[in-house]
Amino acid sequence: MSKRIISFVLNGDPTDAVIEDNMSLLDFIRDTLGLTGTKKGCEQGECGACTVMLDGRPINSCMAFAAEIEGHELTTIEGIAKGGQLSVVQKKFIEKWALQCGFCTPGMIMSATALLSVNPDPTEEEIRVAIEGNLCRCTGYAKIVEAIGEAAKAIREVQ
Amino acid sequence: MILPEFKYLAPGSAEEAIGLLVQYGEKAKLMAGGTDLINYMKDGILAPEVIIGLKEIKGMDQIVYDEEKGLTIGALTKLIDIERSDVVKENYPALAEAVHLIASTQIRNKGTLTGNVCNASPSADSVSALFVYGASLTVKGPEGERVIPIGDFYQGFKKLALKPGEMVISITLPPVKENEKAAYLAHTVRKAMDLAIVGVAAKITLDENGVCTDAKIALGAVAISCVRTPQAESVLIGRKITPEIAEIAGREAMKDCKPISDVRASAEYRHDMVRVFTRRAVLAAADRF
Ligand code: FES
Ligand code: FES
């Protein structure tokens, strides 16, 4: 078994961890780091429940190896709230009732946050494209799209 | 899901990667974004002993445009950066359209164009666009660099024209002239996470009288790899592009493909959709003038 120590930045903090080469990033996050906010759905890159950010880009953590994050910045859903304060996107999801069971929510929030970081004023179409790789089996997307649009507006007003 | 055991190596240069490829031979697989490879490993289709991860190689993720030389896309350029690139959208819209249709935002943030090309899926959206733009691949191996036109790259189902130890370094698209326009259209059930039932790219060249002097049409998902359709192309040459002519080209295109039946569509349906989507792609390209 190939084991090694990797160094990376986890939600803003420099971190070292022991990994095995054949570990998916998703299993590493959930089982080794114990951060279970990132969900495991299909494990095939289809559902987006496992979405995290690597150097600010939204990716499916089931479609990456833990070994790939050496020297890079990983952001999980646990890194989105700052100082005990939910982010604007998180607050808008609650306000707009953009979740029911909540299983897709961490992935949705990651995709939405990544979108707003590169495009602060997205069209509805751009919002839908940003979450095209996130399946929700309860809410039906309309509320989610609305919440992301409201979050974009709220962030723009503050700035 | 348990992945088979392997060793992950992350070389810092293309030379180092080629050295490893020579050293491990058949036991190794190159990985750019890994969004196809990792699924093959989970499904037990591939079990490489060594994975040569290319993403730490610096400077291979660029998009460079030059009016004389055209567009060069590094092997590690992410798909999303291609569809968002202004020079691509402006000069190679059919490529931007094709790339945008691949999988999902998350996959396009990790996957690369070169990976998509080397995965050699017959339904790869990007490949048809590369065919009509006349793209070529720069590959590097133990004996140095060489250039392979995309039309020579596929030698059978998933069989690439790469020699042992060779890897693709970049993809180059020649400059597009003022009187050339292209479009890509795919027939899918939903936009995201769906493979094309049929994909068609068309590029047409018109003279000052609006007469077509050159045409390139490539079909995806209807043969063992992406194919050009000389029959449909020759229909367009020497004529003005009208809906009737585009329809005749579509009918001719049906003769140049051998679609299969699978869960997404029957061979007969695909065949007919080749007609429809060839017509639409030709008209969409003509509309850009
Ligand atoms: S668990 Fe990764 S996309 Fe579904
Ligand atoms: S809220 Fe249940 S899956 Fe989206």
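Just so you know, all these numbers are worked out from the coordinates, no wet-lab data involved. If you're wondering where the values come from, they're calculated on a predicted model, not measured in any experiment. For neighbour counting, all protein chains shown are included, and Cβ atoms are generated from backbone atoms with ideal geometry for every residue, glycine included.
For the reader, a short list of remarks on this structure follows.
- Residue with peak Gaussian network fluctuation, chain A [Cα springs, cutoff 10 Å], from A:124, A:73, A:146: A:124
- Here each label is just a point 7 Å from Cα along the line to Cβ, and for residue A:154 and residue B:40 those points are 4.5 nm apart.
- Taking label points 7 Å from Cα along the Cα-to-Cβ direction, residue B:26 and residue A:17 give a separation of 3.7 nm.
- Mean-position separation - Cα centroids, segment B:97-169 and segment B:199-238, in angstrom: 20
- Per residue of peptide A:103-114, the mean number of Cβ atoms on other chains within 10 Å of the residue Cβ is 1.
- Residue of B:129, B:192, B:221 that the Gaussian network model of chain B assigns the largest fluctuation, springs spanning Cα pairs under 10 Å: B:192
- Segment B:1-39 versus segment A:1-72: alpha-carbon centroid distance in Å: 18
- Label point of residue A:32 set 7 angstrom out along Cα-Cβ; within segment B:43-59, no amide nitrogen lies under 14 Å from it.
- Alpha-carbon centroids, segment B:54-71 and segment B:178-193: separation in whole Å: 24
- If both residues of a DSSP beta bridge must be in segment B:21-114, then about 55% of such bridges are antiparallel.
- For chain B, the longest principal axis of the Cα atoms and the long axis of helix B:14-24 meet at an angle of about 70 degrees.
- Span-rule helices in chain A, defined as complete DSSP H runs reaching 15 Å or more along the axis (Cα) with Kyte mean at least 1.0: A:105-118
- Residues of segment B:29-51 with amide N under 15 Å of the 7 Å Cα→Cβ point at residue B:189: none
- Using a Förster distance of 22 Å, the FRET efficiency for residue B:67-residue B:145 (Cβ separation, nearest 0.05): 0.40
- Cα→Cβ-extended label distance, 7 Å offset, between residue A:7 and residue B:268, nm: 6.5
- Highest-MSF residue in chain A out of A:82, A:92, A:40 [GNM, Cα springs under 10 Å]: A:82
- The shape of chain B comes out prolate: with a ≥ b ≥ c from the C-alpha gyration tensor, a/c is at least 1.5 and a/b beats b/c.
- Label-reachable residues, segment A:133-159, where backbone N falls under 16 Å from a point 7 Å from residue A:118's Cα toward its Cβ: A:133-134
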